[in-house]
Structure formats: C-alpha cells, structure tokens
Amino acid sequence: MIINVLSLAFILGLPLLVGAVDEPVIAPGALLQIALKGIPAEDSRRLDGCYRVSSNSILRLPDLKEPLRIAGLKPSEISHSIEIAYVASGRFKTPKAETTLIAEWDRSAGPAIVMGGLVRHPGPQNFSAGMTVEQAVKGAGGIAEHGNPEIAYLYRDGKSSVLDLTDDQDKNRQLKPNDVLEVSFKSSHSAVVR
C-alpha cells in the first residue's frame, strides 16, 4: 500500500501546507536532500540525506513501512508529507522536515547513481557497468573534510546498508543504476555498527 499523503492529512485532521508559488514541482528521478529536525540527533544523522524519487513518483524513506506518493508536489509540500507520514507511523511526535531539490535527473544521459553527504561534489553520476563504491566516491571528488570514511550509507531498492569505505570488500562493492551512496560526517562518537 502506498500512502496517499493528502488523504492521510485529512484523516488525521492535520492542516495542509500550500507550496510557495516559485517552487518547482518535483519530477520523477529528481534527487532530493532531506533533513529532519525535532527528532533525536542519532535519528537525524541516520535519516538526513539524499533520496531519489522513483520513476513513478514514489519516495521511500527509512523507518516508514509504506512509500510516499509525491506526484505533482513541491519541496515544501513533500516536507509536510514526510512530517505527516512519520507522525502517522508513530515514529516521531513533532518532526520538521526540510526538502531541497538537488538535481533533476536527465534520463537521456542514461542510468545514474547519486553521491550524497560529505563528498566534494555531491549529485548524480553516470552509471557504468562494474562501477564500484570506490570509483563513485572518486568520481564525486573524494570524501570532504568532515566526511567519515568509516560510515557511508548505500540506499538500494528502498533498503539501506552501512558501508565502511576503509574496508576493501565495501570499497569494491559493485553499484547498480539508481543506487544512492551517502558519506556520513565525522564525529567523536562515530562507530560502524553492523
């Protein structure tokens, strides 16, 4: 089942947010940066990141059992939809989402992967068969100053996994079209949990 955000807002009696006039409508394949505030810091670090909208305008987010249908929505409306979905799931009481369009996906350029988080040049990259995690990170200019080489998140088909970019097996993991790879930030409390 896909959550219809407008119906859910009505059922819960939540106000609907009208997007700003100058905001773009998000198209399938777009890359979004999503940040959640008003939630525990460890959840924010895990959930904040880059997400790709599927070809049928579906957005899959961690901790939500059902994907969000965001066809025809603007970034502010998507933020509101995310807030409603997390409240309805019982996961958070008062999340505040911020959604930013990073890049539209030019399908004519062929399949792509997306590098996000703390790399020098985040955004879509052309996908090539056999492409590895290490090649994608290098293609994004490498890990930024505050990026953590020991913690990266690979989002694939609505699921996420934690990678250690200092581990040869993880560095050599092959990517697939539409994968999103996000490098986390350094912190004195960072540790890879598997």
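None of the figures in this text is laboratory data; all of them are computed from the coordinates on show. Quick caveat, the model's predicted, so the values are computed rather than measured.
What the table shows:
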read-out: Set of aspartates and glutamates with alpha-carbon distance to Lys93 below 12 Å, sequence-local pairs under 8 removed; value: Glu83
read-out: Over 25 Å (Cα to Cα) - which of Lys37/Lys171; Lys37/Lys176; Lys74/Lys138; Lys65/Lys176 fall in this group; value: Lys37/Lys171; Lys37/Lys176; Lys74/Lys138
